[in-house]
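What follows is a single structure, written as structure tokens, with notes after it.
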Amino acid sequence: MTKMNFDFCAKRKLFFSIAIVLVAIAVIGSFVLGLKLDIQFKGGALITYAYEGNIDKKDFVSSIEEVLGNKVNIQESSDVSTGQKSFVISSPSSKGFNAEKQNTLAQTLAEKYKDNKLETRSINVVNPTIGSEFLSKSMLSLFFAAVLMVIYISIRFKKISGWSAGITAVVALVEDLFAVFAAFVIFGFSIDSNFIAVCLTILGYSLNDTIVIYDRIRENKRIYGTSKSLEELVNLSLNQSFKRSMMTTITTVSAMIVVSVVAYIYNVTSIMSFSIPITLGMISGSFSSMCIAPNLWVLWQNKRKAA
């Protein structure tokens, strides 16, 4: 018997409103703050320059942007064994990075920083067409993952109307994907392979939470039959699952917060663009599993009975 007795179903309008607001923030934020696509998806170039002495980073970036005609990102790095310093320039551009631009940029920088013995170590160019194809395939992978989830849940929970359970679970997962998207937009991270990795991770994490709750609903339905209404059955199941779900979320989120703090201290953007969105995604995943998916399932069942 559970000690907790919170009425989740009675608060469904509040929960749905929170989900809608979150989606709205993600969509509006992408227009207001702008959406950054990484080289992997947009196309562009990744160039590494080795140099000696000291070079003003802002001046170096301005020189490159003047030649390329678009904004670039810069990261500093150094070889621990040799002490060789280098700049890694990321230049996302849908116009590509042809040989003429490469030569013009190399000549301009060589003349301006000749005392620093500037050397182009590597140039990796991604064609815009290839980048857009990669983005399309990545989105397709998320779609197929969602379809497989619906099929799996439908088979496993056929005793509680499996298709409705599967579809409502995946609809709830959409909110989690928007939470991840909002994190990338608000914190200014570029949409890259980390975005796809975080989305797939959150899909699995949130789905696992939802399956635990559905499993509890199925067991309680077997025990109580028709003696309890759907709302009572779902509330009982959620109260029984609440502590387990919260403890799982708290432990995993705590670990990700530590990773985010360490990455921030050492300015490791590549790690922050994974750990921060996945932290928010996990929190959203717990919310959608406990508050959105079960309530959607109840509404579906009540609509079907009314029909």
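The values are calculated or read from the model by the stated rules, or taken from the named source; none is laboratory data. Predicted, not measured: the structure shown is a model, and the values here were computed from it. Glycine gets a Cβ as well: all are built from the backbone with ideal geometry, and neighbour counts include every protein chain shown. Note: accessible area is taken over every heavy atom of the protein model, side chains too, but ligands, DNA and RNA are not part of it. Shrake-Rupley method; radii C 1.70, N 1.55, O 1.52, S 1.80 Å.
Shape index of segment 111-241: Rg/Rh, with Rg the Cα radius of gyration and Rh the Kirkwood radius from the inverse mean 1/r over Cα pairs, equals 1.26. Inter-label distance, Met246 to Ser17: 2.3 nm, where each label sits 7 Å from its Cα along the C-beta direction. When we measure straight from the Cα of Lys221, which lysines land under 19 angstrom away, once same-chain ones fewer than 8 places off are left out? The reachable lysines, counting only those whose Cα sits under 19 Å from Lys221, are Lys158, Lys159, Lys303, Lys305.
The angle separating the long axis of helix 162-186 from the principal Cα axis of greatest extent in the chain is about 30 degrees. For segment 104-182, the alpha carbon positions stretch 75, 23, 16 Å along the principal axes, listed from largest to smallest.
I'd like the distance between the alpha-carbon centres of segment 164-241 and segment 252-307, rounded to an integer number of Å. What the calculation gives is 9 Å, centre to centre. With all protein chains in place and a 1.4 Å probe, the accessible surface of segment 133-178 carries 78 percent carbon and sulfur. Residue farthest toward the positive end of the dipole of the chain, with Cβ of Lys/Arg at +1 and Asp/Glu at -1: which of Ile39, Asn124, Asn302? Among Ile39, Asn124, Asn302, the one farthest towards the positive end of the dipole of the chain is Asn302.
In summary, the convex hull built on the alpha carbon positions of segment 151-190 has an orientation-averaged projected area of 3.1 nm².
Summing charges over all other residues whose Cβ lies under 9 Å from the Cβ of Ser288, with Lys and Arg as +1 and Asp and Glu as -1, gives -3. Here the chain is treated as a sphere whose radius is the Kirkwood value from Cα pairs; by Stokes-Einstein at 20 °C and 1.002 mPa s it diffuses with a coefficient of 96 µm²/s. Projecting the Cα positions of Leu233, Trp163, Leu173 onto the charge dipole of segment 156-265 (unit charges on Cβ atoms of Lys, Arg, Asp and Glu, taken about the Cα centre) puts Leu233 furthest along the positive direction. Using the Cβ-Cβ distance between Val27 and Ile257 with R0 set to 25 Å, the FRET efficiency works out to roughly 0.40.
Axis angle, to the nearest 10 degrees, between helix 193-224 and the longest C-alpha principal axis of the chain: 10 degrees.
Residues whose amide H falls under 5 Å from that of Leu37, counting only those 5 or more places apart or on a different chain, are Ile191, with hydrogens built in the peptide plane. To the nearest ten degrees, helix 99-112 and the longest principal axis of the Cα atoms of the chain are 60 degrees apart. Calculated accessible area for the chain comes out at 54 Å² per residue, all protein chains present (probe 1.4 Å; ligands, DNA, RNA ignored). If R0 is 51 Å, the Cβ-Cβ spacing of Asn127 and Asn5 corresponds to a FRET efficiency of close to 0.30.
For segment 11-84, the carbon plus sulfur part of the accessible surface works out to 58%, probe radius 1.4 Å.
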